[in-house]
Amino acid sequence: MDLAIIGGGLAGLVAAFELAGAGRRVALYEAQAQAGGQVRTRHQNGYLIEEGAEGFVAADVAVPALCKELGLADQIIPQLERRSLLLRGGSLSDLSTRDGAALLGIPVPDESRPGGLSSLKAGMGALPHALLNTLKGKVEIFSDCPVTRIDRANGQWRLTTSGGATREAPNVLLAVPPRAAAALIAPIDPEAAALLETLVLTSNLCVSLGYPRTAVSHPLAATGFVVAPGNEGSEGLRACGFSSSKFANRAPRGTVLLRAFFRPEPDELHVSDEGWVDRSVRVLGAVLGLSGTPAEALVSRWPEAIPQYGPGHQGLVGELLGRLERLGSLHLAGAAYVPGGVPGAVRSGRDVARSVARPLPV
Ligand SMILES: Cc1cc2nc3c(=O)[nH]c(=O)nc-3n(C[C@H](O)[C@H](O)[C@H](O)COP(=O)(O)OP(=O)(O)OC[C@H]3O[C@@H](n4cnc5c(N)ncnc54)[C@H](O)[C@@H]3O)c2cc1C
């Protein structure tokens with residue numbers, strides 16, 4: 001094996017795709033049963049629910065190029081609505097999408113760019129799914145297999161997985177989120193681990209709700225609304241996406257799909273699904289005129305998942321990569337280091353793979 005990739009989110013999968021294409025022998029370790037990381041689509045009772053990313057900036061070329069290579073180019077679908085709303089003082093008014101993204105604090109979809117967002121017909125989960133299918137037989141994939149430790153042994157990196165198995169590799173790519181990377185790097189380079197700990201990450205929790213169209217009095221002719229700071233009675237709601245207005249085929253005929261976004265405090269992440277659904281229904285009910293109980297509900301928790309690319313971010317990442325470069329054969333990839341959400345993760349996986357595919361130290 002030439003290289004072990006730890007983390008099967010988009011960055012890790014794309015790196016594996018690129019390296020396998022360059023004839024490298026790769027093993028990929030993913031902690032969860034299902035790869036894809038923050039890109040996860042659920043098909044539930046006719047609803048297509050995005051638990052993480054719902055799309056990618058249409059004007060960015062990274063994802064369309066990858067889709068083309070994977071035979072998914074004809075699956076790309078456009079954003080249907082471009083108008084966004086602002087909830088202030090309990091009522092909704094028009095909002096520029098650029099302001100919306102800024103207010104939301106989500107550094108990803110800049111829907112104000114030409115073309116807005118694009119998505120995939122069968123949901124964003126089709127992207128990791130296609131990558132995994134392409135990698136079958138070319139890359140060793142271990143899912144449900146978190147790596148718990150890496151250290152040096154016999155001039156190689158030795159990986160230990162949660163089951164206690166070990167494996168040696170001359171090169172390692174860490175494509176895990178920053179806190180997981182910090183835990184793995186700490187015994188090798190505590191200063192690099194400390195830098196990883198300083199990257200600012202916020203948590204996200206979203207509640208997807210399906211309703212009969214007749215149970216929502218608002219016309220929903222928009223992408224959704226962002227909550228202005230200080231709006232009374234929003235109980236921590238930051239935004240609501242009108243998922244079925246934004247992209248085609250997200251809800252069965254005669255129904256709609258809404259997605260409420262919260263930025264929970266650590267202790268709120270443990271509140272039951274029921275509690276989050278109740279809170280969402282209460283808050284959205286007052287704004288959109290909901291009646292009855294939702295026909296479908298799904299709560300998705302994303303602790304410390306959203307990187308905040310503040311003014312110090314680029315310098316910090318530069319310092320971090322400089323430290324790792326000195327170690328020579330340990331690499332880092334992910335959207336936490338290359339801004340842009342889904343396109344950032346794709347670009348990061350490709351760039352790192354291309355740089356390590358050249359002369360791999362053995
Ligand atoms: C709610 C939400 C909505 C979003 N919406 C959008 C959007 O609309 N558009 C957009 O462009 N972006 C969006 N994003 C961001 C985008 O999804 C991410 O930036 C991108 O998917 C991150 O990919 P990644 O590979 O860098 O990291 P991740 O997806 O976090 O992948 C890391 C992987 O490492 C695995 N892992 C962790 N620890 C270990 C370990 N010890 N051993 C092995 N594996 C491990 C994890 O299980 C995971 O699969 C959204 C994110 C969230 C949470």
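Computed values, structure above
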{"read-out": "Residues (out of contact with any Gly (no Cβ under 8 Å at 6 or more places or on another chain), of a type in the set (Gly, Ala, Ser) and at pLDDT 95 or above) located in region 105-136", "value": "122, 123, 126"}
{"read-out": "Candidate set: region 328-346, residues that are of a type outside the set (A, V, I, L, M) and more than 10 Å from the ligand (Cβ to nearest atom); chosen: the one nearest to residue 66 (Cα to Cα)", "value": "331"}
{"read-out": "Lone unmet requirement of (1) of a type outside the set (D, E, K, R); (2) in a helix (DSSP H, G or I); (3) without any contact (Cβ under 8 Å) to a residue 40 or more places away in the chain for residue 345", "value": "(3)"}
{"read-out": "Candidate set: region 137-156, residues that are at pLDDT 95 or above and hydrophobic (A, V, I, L, M, F, W, C); chosen: the one nearest to the ligand (Cβ to nearest atom)", "value": "147"}
{"read-out": "Residue within region 65-88 that is within 16 Å of the ligand (Cβ to nearest atom), open to solvent by 20 Å² or more (accessible area, probe 1.4 Å), out of contact with any helix residue (DSSP H, G or I) (no Cβ under 7 Å at 6 or more places or on another chain) and within 27 Å of residue 333 (Cβ to Cβ) present", "value": "yes"}
{"read-out": "Complete set of residues in region 140-154 that are of a type outside the set (S, T, N, Q) and open to solvent by 60 Å² or more (accessible area, probe 1.4 Å)", "value": "140, 141, 142, 144, 149, 152"}
{"read-out": "Residue selected from region 21-54 under the condition of a type in the set (S, T, N, Q) and assigned to a loop (DSSP other than H, G, I, E, B), by the criterion farthest from the ligand (Cβ to nearest atom)", "value": "45"}
{"read-out": "Number of the condition not met by residue 311 [criteria: (1) away from the ligand (no atom under 16 Å from the Cβ); (2) assigned to a helix (DSSP H, G or I); (3) open to solvent by 20 Å² or more (accessible area, probe 1.4 Å)]", "value": "(2)"}
{"read-out": "Checking residue 18 against (1) buried (at least 19 other Cβ atoms within 10 Å of the Cβ); (2) outside any strand (DSSP E or B); (3) within 13 Å of the ligand (Cβ to nearest atom); (4) of a type outside the set (Gly, Ala, Ser), the condition it does not meet", "value": "(3)"}
{"read-out": "Filter result for residue 65 (outside any helix (DSSP H, G or I) and modelled with pLDDT of 95 or more)", "value": "no"}
{"read-out": "From the options 330, 284, residue that is touching a residue at least 60 places away in the same chain (Cβ under 8 Å) and not assigned by TED's automatic domain parsing to the domain that holds residue 85", "value": "330"}
{"read-out": "Residue satisfying condition, being of a type in the set (D, E, K, R), assigned by TED's automatic domain parsing to the domain that holds residue 191 and away from the ligand (no atom under 16 Å from the Cβ), within set 265, 296, 274, 325", "value": "325"}
{"read-out": "Answer residue from region 255-286, given it is of a type in the set (Lys, Arg) and within 19 Å of residue 54 (Cβ to Cβ) and is surrounded by the fewest Cβ atoms within 10 Å (Cβ to Cβ) among those", "value": "263"}
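The values are calculated or read from the model by the stated rules, or taken from the named source; none is laboratory data. Predicted model only: the values in this text are computed from it and were never measured. With ideal geometry, Cβ positions are generated from the backbone for all residues, glycine too; neighbour counts draw on all protein chains shown. Only protein heavy atoms, including side chains, enter the accessible area calculation; ligands, DNA and RNA are left aside. Shrake-Rupley method; radii C 1.70, N 1.55, O 1.52, S 1.80 Å.
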